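Undergrad: The structure follows.
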Amino acid sequence: MPVIDVHTHMLTREYLQLLRARGHPQYELGVNAAGQGAIRMWGAPFMTLFEPMWDYDLRIRDMDAARVDIAIVSLTAPNAYFGDAATSLKAARMVNGSMAEQQTLRPDRIRWFASLPWQHADLALAELARACDAGAVGVMVIANINGRNLTDSMFETIWREIDRRKLPVLLHPGTPQGVREMSLDEYGLVPPVGFMFDTTLAVSRMIFDGFFDRFQNLRLIAAHGGGALPYIRARLDRSHEMIPACAEVISEPPSEYLRRIWYDAVVYSPSALALCIEAAGSPDRVLYGSDYPHNIGDMQGCLARVDGLGAAAARKVRGENARRLFGL
């Protein structure tokens with residue numbers, strides 16, 4: 001059974017040039033306190049830049065060293081959510097084209113999630129069709145799209161088409177709404193805390209909104225082990241029971257919806273991974289991920305924690321579940 005990494009990122013230098021030219025003033029490329037290249041949103045650093053992010057030869061060497069067989073690569077935040085419509089589409093097509101090319105060059109090692117100009121529904125639908133024709137095996141979405149909730153009606157037609165195609169969707173956090181109000185520029189709080197908050201809020205909102213009842217073919221993967229969702233699932237159920245607003249739309253408890261989605265294994269302790277599996281209901285909905293090549297990514301460590309689950313569960317999480325989900 002091959003090891004399949006469902007949470008791992010790539011971009012291109014051309015993408016960074018476009019972000020530098022058209023992302024201002026919201027996004028800024030510069031250096032962090034350690035002198036490393038970094039991207040900031042409204043002054044808050046959220047991504048450190050490293051050579052492996054655009055060097056596929058280096059990626060393959062690192063995969064070999066970690067004994068990872070297949071990477072399903074995706075663009076991370078801020079994805080294509082900047083600039084005008086033409087810029088957003090250009091960003092998506094630029095990275096999708098690069099990933100499609102690498103899949104052609106390395107068909108036994110690389111698969112990819114499509115990025116879309118979500119803010120522009122007609123363009124997003126056209127790019128979704130083009131990307132699927134080019135070999136995309138799923139769709140990448142950030143937990144908020146330039147400040148808009150994923151349940152916003154402006155995205156309805158896109159979700160409907162994704163649902164019709166029964167595509168896996170990697171829901172990945174970005175810089176959360178209110179980044180300036182929460183002073184997340186302090187202490188580099190976006191990656192350790194802001195990202196977890198972004199995913200947790202997005203999926204919770206989807207649950208209470210009835211999103212998973214409307215889109216029953218949706219195969220959503222909640223990044224970083226689902227953020228705080230496994231830890232607060234009983235609190236969500238209690239709120240559904242006791243707070244009328246939490247039961248306006250859905251009749252089932254939120255924990256039942258948490259069993260309908262998938263989770264990656266990008267967590268940093270065995271106990272967190274066990275809690276994630278408990279929230280999912282079984283190891284069948286947990287997928288190996290590494291968050292490579294981010295500075296807190298851990299290709300070898302995440303795999304070691306998966307292997308610590310025991311042979312049967314580890315086999316599923318290492319790659320069996322991903323093969324089934326993506327049809328690989």
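Undergrad: Can you give me the pair-distance distribution of the range 203-243, C-alpha pairs, 10 Å bins, whole percents?
TA: Answer for the range 203-243: a P(r) of 25, 53, 22 percent.
Undergrad: Sorted from largest down, what three extents in whole angstroms do the Cα atoms of the range 138-295 have along their principal axes?
TA: 40, 36, 34
Undergrad: I need the peptides 255-261, 71-77 ranked by packing, meaning the mean over residues of other C-beta atoms within 10 angstrom, with the highest value on top.
TA: Ranking, from highest mean packing down: 71-77, 255-261.
Undergrad: In percent, how large is the relative contact order of the range 119-211, given Cα pairs closer than 8 Å and 6 or more residues apart?
TA: 33 percent
Undergrad: As a test, work out the antiparallel percent of DSSP beta bridges whose residues both lie in the range 1-153, rounded to the nearest 5.
TA: Antiparallel: roughly 55 percent of the beta bridges in the range 1-153.
Undergrad: What residue among Gly227, Val31, Gly289 has its Cα farthest toward the positive end of the dipole of the chain, where the charges are +1 on Lys, Arg and -1 on Asp, Glu, each on the Cβ?
TA: Gly289
Undergrad: May I have the extent of the alpha carbons of the range 1-48 along their three principal axes, as whole Å values ordered from largest to smallest?
TA: Rounded to whole Å, the extents work out to 46, 24, 16 Å.
Undergrad: When Rg is the radius of gyration of the Cα atoms in the chain and Rh is its Kirkwood radius, what does Rg/Rh come to?
TA: 0.94
Undergrad: Also, I was wondering about something else. From the phi of every residue in the range 169-182, what ³J(HN,Hα) in whole Hz does the Karplus formula 6.51 cos²θ - 1.76 cosθ + 1.60 yield, where θ is phi - 60° and glycine or proline is x?
TA: So the J values, rounded to whole Hz, are 10, 8, 8, 10, x, x, 5, x, 4, x, 4, 6, 5, 8.
Undergrad: Write down, largest first, the equivalent ellipsoid semi-axes of the range 96-153 in whole Å, where each equals the square root of 5 times an eigenvalue of the alpha-carbon gyration tensor.
TA: 25, 12, 8
Undergrad: Let me ask something else about it. Would you work out the relative contact order for the range 179-229, in percent, from Cα pairs under 8 angstrom that are 6 or more residues apart?
TA: Over the range 179-229, the number comes to 45 percent.
Undergrad: Debye sum, Cα scatterers, the range 192-267, no solvent: what log₁₀ I/I(0) at q = 0.27 1/Å?
TA: -1.37
Undergrad: Right, here's the next one. Can you list, bin by bin at 10 Å, the percent of alpha carbon pairs in the range 230-276, starting at 0?
TA: Going out from 0 Å in 10 Å bins, the range 230-276 shows 25, 44, 23, 7 percent.
Undergrad: Here is a further query. Once you treat every alpha carbon in the range 64-202 as an equal point and sum by Debye, what is log10 I(q)/I(0) at q = 0.13 Å⁻¹?
TA: -0.59
Undergrad: Suppose every K and R has +1 on its Cβ and every D and E has -1 on its Cβ; what is the size of the dipole of the chain about the Cα centre, in Debye to the nearest 20?
TA: Here the chain has a charge dipole of around 500 debye.
Undergrad: Specify which residue in the list Ser74, Met53, Met63 is farthest towards the positive end of the charge dipole of the chain, using unit charges on the beta carbon of Lys, Arg (+1) and Asp, Glu (-1), about the Cα centre.
TA: Met63
Undergrad: Which semi-axes, in whole Å and largest first, does the equivalent ellipsoid of the range 1-99 have when worked out from the alpha carbon gyration tensor as the square roots of 5 times its eigenvalues?
TA: Taking √(5λ) for each eigenvalue gives 26, 17, 10 Å, largest first.
Undergrad: Next question, about the same structure. Quick one: check the C-alpha center-to-center distance for the range 83-117 versus the range 14-47, whole angstrom.
TA: Here the two parts' Cα centres lie 20 Å apart.
Undergrad: Right, something else. Within the chain, which DSSP H helices have Cα atoms that stretch 20 Å or more along the helix axis and a mean Kyte-Doolittle hydropathy of at least 0.0?
TA: 195-209
Undergrad: Continuing with this model, one more query. Please state the shape class of the range 223-328: rounded when a/c is under 1.5, otherwise prolate if a/b exceeds b/c and oblate if not, all from the C-alpha gyration tensor.
TA: In terms of gyration-tensor shape, prolate.
Undergrad: Follow-up. Using a simple spin-label model with points 7 Å from Cα along the Cα→Cβ vector, what separation in nm is obtained for Ala21 and Gln216?
TA: Label at Ala21, label at Gln216, 4.8 nm between them.
Coordinate-derived values only; no laboratory data. Because the structure is predicted, anything quoted here is derived from the model rather than measured. Methodologically, a virtual Cβ is constructed for each residue, glycine included, from the backbone with ideal geometry; neighbour enumeration extends over all protein chains shown.
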